[in-house]
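Student: One structure follows; several queries about it will come next.
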Amino acid sequence: MDLGDSLDLGSWILELHLRPPRYLGGYRAVAFFRHALRVTLGTGALVSETARTILFPRQCGNRLLAVALMLCVSACGVFAGTPETTLSKTTPQHYLCHYTEQALAIDGRLDKPAWKSVPWSDDFKDIEGDSKPKPRFRTRVKMLWDDDYFYVAAELEEPHVWATLTQHDSVIFQDNDFEVFIDPDGDTLNYYEFEMNALNTGWDLLLDKPYKAGGKARNEWEIPGLKTAVHINGTLNNPLDKDTGWTLEIAFPWKVLGEYAHQHAPPREGDEWRVNFSRVEWLTEIVDGKYHKLPGKKEDNWVWSPQGIIDMHVPEKWGYVQFTRKKSSRQLPLTGSDH
Ligand SMILES: [Ca+2]
Ligand SMILES: [Ca+2]
Ligand SMILES: [Ca+2]
């Protein structure tokens, strides 16, 4: 029996229980409510997603128990205290990440043979999802893996490639940037973040939990052996021309990603990790031949898997990357729904 089927009755009961409580308690309850709403709205896929993400049935091992737990949590959530105003209907993206036997020389160029047949992700969307305007510039990613690295390639359309930060562990999103978020075991705790700009300056950090839940960034966390490179299709920090954009490659060593993974690293066949990508884009003006951010204007956040709110630190909204050694492009049964 599929978990989605088993929850049809559960979703009906949840709708009665959860219509809509105005106040929920704590980060977990807020997260639960978002997913519970999706259950009530739900297609089978959303229902499966909900139970899988919230209840980690990998640990539950029993679907009926999972349903019972959902009902218990729903009852608890009604009595709590954080306002919930940003209900969203976003569905996490999925990507099937293939194994490569070709060694990748990380130079930022995506025209090398290893990437040629690798499918692009969907184009990035606004962080809040389809209710917001389509991003002004296209962004998309590819992924691969081998025994040593998780590889990410990104293409960022950009008519004015600029960057200023050169110090490692700077707050890179003060420039236009590309960001990677990785929560290997999907428990929303102990997750990795990496940001880089067009100068190939990086910021690697570890969070024990999301900021809203009191999490603290550990900037001193480092990724020894990380390889990154940028290729600029145009000119950097030269506003006199119009650029095509920039591409980048990142090789994350499994050895480091495994530190807080509580998962096999490198992954086993069919394993899924929660991952998201974000691009911060500032509005600029050109003054005296240099780029300046427009004062008082907020940045745009364009992402692979929309978050529903302007906050990347909601890991349960990140996408799913499934790792396979098989050549087929068919996604394997999701590991969280086959118990
Ligand atoms: Ca984790
Ligand atoms: Ca660091
Ligand atoms: Ca330029």
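The values are calculated or read from the model by the stated rules, or taken from the named source; none is laboratory data. Nothing here was measured: the structure is a model prediction, and the numbers come from that model. Please note: Cβ atoms are built from the backbone with ideal geometry, for glycine as well, and neighbour counts cover all protein chains shown.
Student: Taking the stretch 147-177 as the search range and keeping residues that are among the hydrophobic types (A, V, I, L, M, F, W, C) and in a helix (DSSP H, G or I), which one is nearest to ligand 2 (Cβ to nearest atom)? If you could, list the steps in order and put the result at the bottom.
Tutor: Here is the first cut: in the stretch 147-177, the residues among the hydrophobic types (A, V, I, L, M, F, W, C) are 150, 152-154, 156, 161-163, 165, 171-173.
Cutting the leftovers down to in a helix (DSSP H, G or I) gives us 172-173.
Values: Ile172: 11, Phe173: 14 Å.
Per the stated criteria, the residue is Ile172.
Student: Right, another one. In the stretch 173-200, what residues are among the polar types (S, T, N, Q) and surrounded by fewer than 22 Cβ atoms within 10 Å (Cβ to Cβ)?
Tutor: Gln174, Asn190, Asn200 - these are the residues of the stretch 173-200 that are among the polar types (S, T, N, Q) and surrounded by fewer than 22 Cβ atoms within 10 Å (Cβ to Cβ).
Student: Restricting the stretch 283-313 to residues that are small (Gly, Ala, Ser) and touching a Ser or Thr at 6+ places or on another chain (Cβ under 8 Å), which is surrounded by the fewest Cβ atoms within 10 Å (Cβ to Cβ)?
Tutor: Ranking the qualifying residues of the stretch 283-313, first place goes to Gly308.
Student: Kindly check whether there is at least one residue in the stretch 152-164 that is more than 16 Å from ligand 3 (Cβ to nearest atom), under 21 Å from Tyr260 (Cα atoms) and either surrounded by fewer than 21 Cβ atoms within 10 Å (Cβ to Cβ) or free of Cβ contacts under 8 Å to residues at least 60 places away in the same chain (or both).
Tutor: There is no residue in the stretch 152-164 that is more than 16 Å from ligand 3 (Cβ to nearest atom), under 21 Å from Tyr260 (Cα atoms) and either surrounded by fewer than 21 Cβ atoms within 10 Å (Cβ to Cβ) or free of Cβ contacts under 8 Å to residues at least 60 places away in the same chain (or both).
Student: Moving on. With the checklist (1) closer than 22 Å to Leu207 by Cα; (2) part of a strand (DSSP E or B); (3) away from ligand 1 (no atom under 16 Å from the Cβ) in hand, flag the one item Val230 doesn't pass.
Tutor: (1)
Student: Right, something else. Among the numbered conditions (1) at pLDDT below 95; (2) polar (S, T, N, Q); (3) surrounded by fewer than 18 Cβ atoms within 10 Å (Cβ to Cβ), tell me where Ser170 comes up short.
Tutor: (1)
Student: For Trp273, indicate whether it is more than 16 Å from ligand 3 (Cβ to nearest atom), part of a loop (DSSP other than H, G, I, E, B) and among the aromatic types (Phe, Trp, Tyr).
Tutor: It is false that Trp273 is more than 16 Å from ligand 3 (Cβ to nearest atom), part of a loop (DSSP other than H, G, I, E, B) and among the aromatic types (Phe, Trp, Tyr).
Student: For the stretch 209-237, which positions are in contact with a strand residue (DSSP E or B) (Cβ under 9 Å, 6 or more places away or on another chain) and within 16 Å of ligand 3 (Cβ to nearest atom)?
Tutor: Residues satisfying the conditions are Val230, His231, Ile232, Asn233, Gly234, Leu236, Asn237.
Student: Right, next: Given the criteria more than 24 Å from Lys326 (Cα to Cα), in a loop (DSSP other than H, G, I, E, B) and in contact with a helix residue (DSSP H, G or I) (Cβ under 9 Å, 6 or more places away or on another chain), does Pro224 qualify?
Tutor: Answer is yes for this residue.
Quick grid of which residues meet (1) hydroxyl-bearing (Ser, Thr, Tyr); (2) in contact with a Leu (Cβ under 7 Å, 6 or more places away or on another chain):
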residue: Thr188; (1), (2): yes, no
residue: Tyr191; (1), (2): yes, yes
residue: Ala213; (1), (2): no, no
residue: Ile232; (1), (2): no, no
residue: Asn238; (1), (2): no, no
residue: Ile250; (1), (2): no, no
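Student: Please verify whether Ser88 is within 19 Å of the chain's Cα centre (by Cα), outside the structural domain of Trp246 (by TED's automatic domain parsing), at pLDDT below 95 and not acidic (Asp, Glu), treating the condition exactly as stated. Don't jump to the end; show me each part of the working.
Tutor: Working: within 19 Å of the chain's Cα centre (by Cα): yes; outside the structural domain of Trp246 (by TED's automatic domain parsing): yes; at pLDDT below 95: yes; not acidic (Asp, Glu): yes.
It is true that Ser88 is within 19 Å of the chain's Cα centre (by Cα), outside the structural domain of Trp246 (by TED's automatic domain parsing), at pLDDT below 95 and not acidic (Asp, Glu).
Student: Can you work out which of the residues in the stretch 206-218 that are surrounded by 19 or more Cβ atoms within 10 Å (Cβ to Cβ) and over 15 Å from Lys317 (Cα atoms) is farthest from ligand 2 (Cβ to nearest atom)?
Tutor: Per the criteria, the residue is Leu207.
Student: Follow-up question, since we're still on this one. Right, Tyr211: within 13 Å of ligand 1 (Cβ to nearest atom) and under 19 Å from the mean Cα position of the chain (by Cα) or not?
Tutor: no
Student: So, one more: Which pairs have Cβ atoms under 6 Å, sit 6 or more apart or on different chains, and link a residue in the stretch 128-141 that is in the same structural domain as Asn301 (by TED's automatic domain parsing) to one that is among the basic types (Lys, Arg) and not in a loop (DSSP other than H, G, I, E, B)?
Tutor: Note: pairs meeting the criteria are Thr139/Arg279.
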